[in-house]
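Novice: Quick one: structure below, then a few questions.
The values are calculated or read from the model by the stated rules, or taken from the named source; none is laboratory data. This is a predicted model, so every value here is computed, not measured. Note that we place each Cβ from the backbone using ideal geometry, even for glycine, and neighbour counts take in every protein chain shown.
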Amino acid sequence: MNSTHAAGLPFHPYRGYAGLPPLVGLHTMEEAATTGLTVSASVERIKRIHWSLRRLHSILTARIPGTPVYELKMAFSLHAYFCAEHVATFAQRVTEMRQPPYGLEVPPHPLLDVFFDEILAAPSTEALLLGIYDQALPAVVRALENLMADTNRLFDHPTYRICRFALLEMQDALGYGEQAIAALVSENDRTGLNEWLTLLDRSLAAAGGLDGCKPNTEEMIQRQFSAIPYVYDPVPRRDERFKDPFNMGVNAEAMLFDPDIPPLPKTIMLYFKRMREIDVPEMMSSILFEVTGKPWDYYRDMTRQLWDEARHAMMGEVGFYSLEVDWTAIPFNFTWSLGLNTMLTPRERHAVLFTIEQGLMPKKVGKEYEWEVALAASDPLAAMIQDYDWADEILHARIGREWIVPEIGSQVEAMAYGDQAWSRTLVDWKKWKEDGLTSHCNWWPEVYKQACKHWAIEPDAELLAYNATYEGTRADLKNVAS
Ligand SMILES: [Fe+2]
Ligand SMILES: [Fe+2]
């Protein structure tokens with residue numbers, strides 16, 4: 001045993017037994033004795049960050065359908081998922097420290113809401129990117145850093161800990177956002193939005209900063225883009241790489257389940273089905289925006305699923321990359337998200353989603369079958385993609401059973417309800433053609449030829465002639481009622 005310990009405690013510098021760091025290394029003794037916020041001050045800051053993440057989550061999910069750029073739809077999905085997770089942990093921390101009512105459902109300062117309302121109503125992708133990634137996220141990051149610096153890491157350790165984890169992901173989101181701004185926002189765009197960006201700064205300053213630590217400037221703020229309240233836009237838009245969005249000319253499932261067709265070409269259809277899932281975040285956005293008053297766990301689960309579906313789309317993109325197939329030659333129809341978002345209620349949309357996902361659980365017609373096709377094709381990438389896709393769908397079917405089934409009744413009733421609603425959105429195949437929205441052209445032969453080049457094989461004449469459409473058959477191979 002070290003004799004200095006037996007002789008008494010050294011105070012300068014204070015040391016633990018045999019030189020071990022005191023206080024588990026969270027603080028030096030000097031820091032611990034002189035740093036910290038009251039519980040009240042800590043709770044107030046957590047509530048501000050909680051509210052800001054909640055508003056950011058709502059902005060990111062709301063703007064997925066109307067933002068044309070595919071990569072941004074994907075980024076908004078991930079960043080919304082980050083926000084949803086941290087909203088939950090920050091809310092929980094408040095409930096650990098305080099008795100109800102917690103005041104988590106109300107804005108902590110009205111001008112904080114003006115700040116976020118303005119970003120929600122941003123009239124262009126450029127303004128939206130600057131609002132989210134040049135204004136809101138840097139303010140969230142500052143608030144997290146300040147709280148971590150100001151609070152006592154020992155006394156308020158649970159707060160310190162959740163801030164660290166949140167900071168990690170918020171910095172990731174910010175890093176991506178900075179690249180998005182560099183790629184998509186010109187100096188001219190920024191100059192044109194200067195006045196608005198100053199308005200955002202002033203709104204935040206008038207609220208005492210995002211975390212309320214600065215003195216309020218008490219300035220009266222005139223709303224600009226949110227002067228007329230924001231109206232949610234449910235119509236999906238895609239960037240110029242996505243052509244012919246009404247095209248339902250190639251029935252992927254009819255090929256996938258045809259026992260006479262070998263597995264390898266079916267991997268193209270698997271990748272098509274994955275990348276087509278861009279339409280799921282586009283659709284789930286409208287559920288998240290229009291369903292109000294649910295517990296946060298609902299929004300958290302649904303946002304997790306929304307992000308998973310975005311991942312599925314990108315898994316398809318990876319698949320096409322691996323086959324050296326130019327996916328811009330493929331029309332990824334948006335008729336599902338368009339139909340559901342504009343023709344059905346949020347409850348019907350969720351039931352359709354559940355019907356599809358629960359319908360993918362049986363062994364012979366669902367996700368396991370898709371995985372087996374990929375395995376049989378001896379393509380390890382396709383197999384891995386389908387393996388994870390299947391795993392995700394198990395969670396999604398469970399999310400459906402937890403949240404939408406009890407709203408409707410039994411599982412059988414929920415599936416019948418979703419089934420009927422889905423068919424109602426699918427009766428326009430001929431009309432889209434008559435209206436000149438699409439010719440439902442058959443994109444398959446061209447794409448199949450590209451993949452054959454990669455596989456170094458001659459295209460099969462019968463497969464080149466594949467020509468099954470969605471005219472009378474849904475993606476689950478049931479007949480479309482007309
Ligand atoms: Fe999916
Ligand atoms: Fe899913």
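Novice: Taking the conditions exactly as written (in contact with a Pro (Cβ under 9 Å, 6 or more places away or on another chain) and surrounded by 12 or more Cβ atoms within 10 Å (Cβ to Cβ)), does Leu477 satisfy them or not?
Specialist: No.
Novice: Test Asn251 against the stated conditions and say whether it is in contact with a Pro (Cβ under 9 Å, 6 or more places away or on another chain), of a type in the set (S, T, N, Q) and farther than 30 Å from Tyr102 by Cα.
Specialist: Here the answer is no, as Asn251 does not meet what is asked.
Novice: Right, something else. Would you confirm, using the coordinates I've provided, whether Asp308 is within 14 Å of ligand 2 (Cβ to nearest atom) and out of contact with any Lys or Arg (no Cβ under 9 Å at 6 or more places or on another chain)?
Specialist: Yes.
Novice: Now for a different question. Checking Arg398 against (1) in contact (Cβ under 8 Å) with a residue 24 or more places away in the chain; (2) not in a loop (DSSP other than H, G, I, E, B): exactly one of these is not met. Which one?
Specialist: Among (1) in contact (Cβ under 8 Å) with a residue 24 or more places away in the chain; (2) not in a loop (DSSP other than H, G, I, E, B), Arg398 violates only (1).
Novice: Here's another thing I want to ask about it. Against the definition (among the aliphatic types (A, V, I, L, M), within 25 Å of Lys449 (Cβ to Cβ) and touching a strand residue (DSSP E or B) at 6+ places or on another chain (Cβ under 8 Å)), how does Ala254 come out, yes or no?
Specialist: Considered against the rule, which asks whether it is among the aliphatic types (A, V, I, L, M), within 25 Å of Lys449 (Cβ to Cβ) and touching a strand residue (DSSP E or B) at 6+ places or on another chain (Cβ under 8 Å), Ala254 comes out as yes.
Novice: Something else about it: May I ask you to say which residue of Asn152, Asn146, Asn188 is outside any helix (DSSP H, G or I), modelled with pLDDT of 95 or more, farther than 24 Å from Thr61 by Cα and of a type outside the set (Lys, Arg)?
Specialist: Asn152
Novice: Go through segment 343-395 and count every residue that is basic (Lys, Arg) and in a loop (DSSP other than H, G, I, E, B).
Specialist: 2
Novice: Among (1) in a loop (DSSP other than H, G, I, E, B); (2) free of Cβ contacts under 8 Å to residues at least 12 places away in the same chain, which single condition is Leu37 missing?
Specialist: Tallying (1) in a loop (DSSP other than H, G, I, E, B); (2) free of Cβ contacts under 8 Å to residues at least 12 places away in the same chain, Leu37 fails exactly one: (2).
Novice: Under 9 Å between Cβ atoms, at least 6 apart or on separate chains: pull out the pairs that start in segment 307-324 with a residue that is more than 14 Å from Phe76 (Cα to Cα) and among the polar types (S, T, N, Q) and end on any residue that is away from ligand 1 (no atom under 14 Å from the Cβ) and not in a helix (DSSP H, G or I).
Specialist: If the second residue must be away from ligand 1 (no atom under 14 Å from the Cβ) and not in a helix (DSSP H, G or I), the pairs left are Ser322/Asp379.
Novice: Please go through segment 440-466 and pick out each residue that is free of Cβ contacts under 8 Å to residues at least 40 places away in the same chain and part of a loop (DSSP other than H, G, I, E, B).
Specialist: Hits for segment 440-466 are Ala456, Ile457, Glu458, Pro459, Ala465.
Novice: Taking segment 427-466 as the search range and keeping residues that are surrounded by fewer than 17 Cβ atoms within 10 Å (Cβ to Cβ) and small (Gly, Ala, Ser), which one is farthest from the chain's Cα centre (by Cα)?
Specialist: Ranking the candidates gives Ala461 first.
Novice: Restricting attention to segment 348-370, report how many residues are under 20 Å from the mean Cα position of the chain (by Cα) and away from ligand 1 (no atom under 16 Å from the Cβ).
Specialist: 1
Novice: Continuing with this model, one more query. Could you check segment 88-143 and list, in sequence order, the residues that are more than 23 Å from Leu78 (Cβ to Cβ), assigned to a loop (DSSP other than H, G, I, E, B) and of a type outside the set (A, V, I, L, M, F, W, C)?
Specialist: Arg98, Gln99, Pro100, Pro101, Tyr102, Gly103, Glu105, Pro107, Pro108, His109, Pro123
Novice: Quick check: anything in segment 199-210 surrounded by 16 or more Cβ atoms within 10 Å (Cβ to Cβ) and closer than 30 Å to Thr28 by Cα?
Specialist: yes
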